[in-house]
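The values are calculated or read from the model by the stated rules, or taken from the named source; none is laboratory data. Being a predicted model, the structure only gives us computed values, none of them experimental. Every residue, glycine as well, gets a Cβ built from its backbone with ideal geometry; the counts of neighbours run over all protein chains shown.
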Amino acid sequence: MIVNVPKPMEELKELLSDYQGVYILGCGGCPIGCESGGRARLEDLKAELIKSGKKVSGIQMIDFLCNKALVGAQLRCRIPALKNSNAVLVVSCGVGVQATAAMIDLPSLPANNTLNSQGMQGLWPSVERCDGCGDCLLHLTGGICPITRCAKSLLNGQCGGTQDGKCEVETQRDCAWHLIYEKLKALGKLDNLKKLPKLRDYRNWEVSDQERKNTRWALEEEQLYRAPKSAGRQ
Amino acid sequence: MSKLKQALEAGNFAVTGELGPPKGVEIGPMMEEAEKFLKGRVLGVNVTDNPSSVMRIGSLGICARLVQAGFEPIYQIPCRDRNRLAIQSDILSGYVLGIRNILALTGDHPSLGDHPGAKCVFDLDSVSLLHTISTLKNGKDLSGADLVGSPKDIFAGATVTPGADPVEPQLLKMEKKVEAGAEFFQTQAIYDPDKFEKFMKTASRFKTPVLAGIVIVKGPAMAKYMNEKVPGVFVPDSIIKPLSEAGKEDRPKLAIDLMAKLMKDLKPMCQGFHIMAMGWAKYVPDLMQKAGVA
């Protein structure tokens, strides 16, 4: 389970402020278990957005946004509606937001924050990774995560080590900030670079025991059926 | 008060130098080099801090020794090794030791250095470090708590790579650095005056002094290395060819002449030079003389 929680509605309105036509895409995997997604939340979001003057160009659930083949096949059927959209609001973990950004050329904006689960990537096979930083910034970075894709997890743009669009750590590795720059330039959103927070709050990255109980964090550990004692091992 | 700041604010052309501390505590030769070749010639002396992620005696200690010896150091702070508590604390420590100039850097990744298995920190980066310095100068720390005495006379600098391709991300970051509190820039090594002039046309709108980076090309092997390995640095054939054709013993003089010519071309475009001698400090006085900035 990749545990993710809804971003506050105020923040969602702020990050959608530049976009009129919004396509809402939900993941039918972990967000269902976490109660941060699913059909009901998508309908709620749709109603809220329409109330605030947005046009909702489509609403879609895909079973697992981390399943590349599934995402590709299902989004392909909805291209006409996507063409009428200015942005996609993705109700999933950070992997799903990045997966969407990697597959469709529209701004992909996170509806949720992903909590740290120390490395779980779902079924997504590609370079897009989510570190569960707890304060998703993908709406500002063209759907490319600087926390996982930059070797230094920098928040304020490329370092002096980038050369020919590659990272100083490995010459074959793309510089995350070069990719972000190119993507934002293509989207006409270079101004986003000024909106990034200067400092990261690492408290969002630490998940408290309380949160682990409140969310469906430990679902895998729950024993849904316990055999009667009399039927114990022989 | 920083003399570097005074000079740049008065519109005077400023030259800074650089020292690379040794791996160990034997700092005699380095201090001697500073006394002989830099003292009285440059306004400020940068002191690198674990450059290229290679462990050496730190910048803070050497800067303090330079203050004692009558120099004005420029304390280089990378974000690779220390979190925001340590960095704020070190800035305050430096201040009471008389250090007034700071150069804020992101820093190289540890995997490039001699302790490749080290944990990298990067809690801050160059921009957030400049923001941190501004916050301290205003009498607060990053948590918003009041300081008992603020390091208000710090003169904060940053770096930029004018030769980067594309250069626009560099300019975007330069703007963020200025907004975060950068008061001067020292650039990566420059060899192409035309490209630098174009860069300065845009960069001048930030109204922040730029000290052009000067690295003496000692020979063709060094040029080849820089062209292949140093991001945003390109040594042209007009420098490589004469150095390749010259005999080994003639190279230092030729190298200095080539650099002096370059510096004369660059001088009208910038507010100062930052000379990184890389072991060739003994040629700095001659270079400055020939470039007309002695």
Query raised in the report: Name the helices (runs of 4 or more DSSP H) wholly within region B:1-113 that hold at least 3 residues that are under 30 Å from B:Pro268 (Cα atoms) and not small (Gly, Ala, Ser)?
Result: B:3-9
Query - Criterion violated by A:Pro146 - all others in (1) touching a strand residue (DSSP E or B) at 6+ places or on another chain (Cβ under 6 Å); (2) within 14 Å of chain B (Cβ to nearest Cβ); (3) not hydrophobic (A, V, I, L, M, F, W, C) satisfied - result: (1)
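Each row is one residue, and each column tells you yes or no for (1) within 25 Å of A:Ser17 (Cβ to Cβ); (2) away from chain B (no Cβ under 14 Å).
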residue	(1), (2)
A:Ile79	no, yes
A:Leu89	yes, yes
A:Gly96	yes, yes
A:Pro125	no, yes
A:Gly134	yes, yes
A:Leu138	yes, yes
A:Cys159	no, no
A:Thr162	no, no
Report summary line: Those residues of region B:144-163 that are under 19 Å from the mean Cα position of the chain (by Cα) and either of a type outside the set (Phe, Trp, Tyr) or within 14 Å of another protein chain (Cβ to nearest Cβ) (or both) come to a total of 9
**Report entry** Verdict on B:Ala118 being surrounded by fewer than 22 Cβ atoms within 10 Å (Cβ to Cβ), of a type in the set (Gly, Ala, Ser) and without any contact (Cβ under 8 Å) to a residue 40 or more places away in the chain
**Finding:** no
Query raised in the report: In region A:131-166, what residues are among the hydroxyl-bearing types (Ser, Thr, Tyr) and crowded, with 21+ Cβ neighbours inside 10 Å?
Result: A:Thr141, A:Thr162
Requested in this report: Check whether at least one residue in region B:97-107 is within 14 Å of chain A (Cβ to nearest Cβ) and farther than 30 Å from B:Ala294 by Cα, and report yes or no.
Outcome: yes
**Report entry** strands (runs of 3 or more DSSP E) fully within region A:51-139 counting 3 or more residues that are in contact with a helix residue (DSSP H, G or I) (Cβ under 8 Å, 6 or more places away or on another chain) and of a type in the set (Val, Ile, Thr)
**Finding:** A:55-62, A:87-91
Query - Odd one out for B:Thr187, checked against (1) closer than 26 Å to B:Glu32 by Cα; (2) within 14 Å of chain A (Cβ to nearest Cβ) - result: (1)
Requested in this report: Could you please let me know if B:Ser128 is farther than 16 Å from B:Asn46 by Cβ and either surrounded by 17 or more Cβ atoms within 10 Å (Cβ to Cβ) or at the interface with chain A (Cβ under 10 Å from one of its Cβ atoms) (or both)?
Outcome: yes
Report task. Say whether the condition of being modelled with pLDDT of 95 or more and in contact with a Gly (Cβ under 7 Å, 6 or more places away or on another chain) is met by at least one residue in region A:50-58. Result -> yes
Report task. State which residue pairs qualify: first residue more than 9 Å from every other protein chain (Cβ to nearest Cβ) and in contact (Cβ under 8 Å) with a residue 40 or more places away in the chain and inside region B:218-233, second residue hydroxyl-bearing (Ser, Thr, Tyr) and part of a loop (DSSP other than H, G, I, E, B) in any location, beta carbons under 9 Å apart, and separation of 6 or more residues or different chains. Result -> B:Val233/B:Thr161; B:Val233/B:Tyr191
Query raised in the report: Only one of (1) within 11 Å of chain A (Cβ to nearest Cβ); (2) modelled with pLDDT of 95 or more fails for B:Asp141. Which number is that?
Result: (1)
